[in-house]
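FYI, it's all coordinate maths here, none of it is from the lab. Note that the structure is predicted; figures quoted are calculated from it, not measured. With ideal geometry, Cβ positions are generated from the backbone for all residues, glycine too; neighbour counts draw on all protein chains shown.
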Amino acid sequence: MKIWQEACSTVTHIYKLTEKIPINERYGLISQIQRAAVSIPANIAEGAGRTTNLDFKRFLDIAIGSAFELETLIILAGNLGFVSEEETITNTTNINNLDKMIIAFKQQL
């Protein structure tokens with residue numbers, strides 16, 4: 001599933017990005033960013049395993065919510081100077097594109 005593959009790719013990028021955030025944020029911002037990122041493909045996968053499209057759509061909604069959360073956390077990391085403006089823009093753009101893919105897929109169900 002293309003959206004699941006893109007979501008997994010996003011997790012990889014996000015984990016690399018969080019390596020740049022100060023270690024004292026390990027249990028704060030880093031943890032929250034990583035959990036939000038992982039939640040996206042996890043919810044897509046869990047929804048795909050459900051027996052009805054209605055259930056699948058509910059998990060896609062959760063994935064979309066996690067993507068919006070992730071986007072916000074990346075913006076905050078940028079505002080705090082933990083990641084560069086370029087990294088913030090690149091990652092939020094990628095997350096926004098993933099949002100659009102998930103929404104379009106959900107509408108096709």
Output the qualifying pairs, or none if there are none: Cβ atoms under 7 angstrom, residues six or more apart or on different chains, first residue in the stretch 39-60 and surrounded by fewer than 15 Cβ atoms within 10 Å (Cβ to Cβ), second residue among the aliphatic types (A, V, I, L, M). 48/1; 53/109
Taking the stretch 29-69, which residues are in a helix (DSSP H, G or I) and among the charged types (D, E, K, R)? 35, 46, 55, 57, 58, 61, 69
Only one of (1) crowded, with 16+ Cβ neighbours inside 10 Å; (2) in contact with a Leu (Cβ under 9 Å, 6 or more places away or on another chain); (3) under 16 Å from residue 1 (Cα atoms) fails for residue 82. Which number is that? (3)
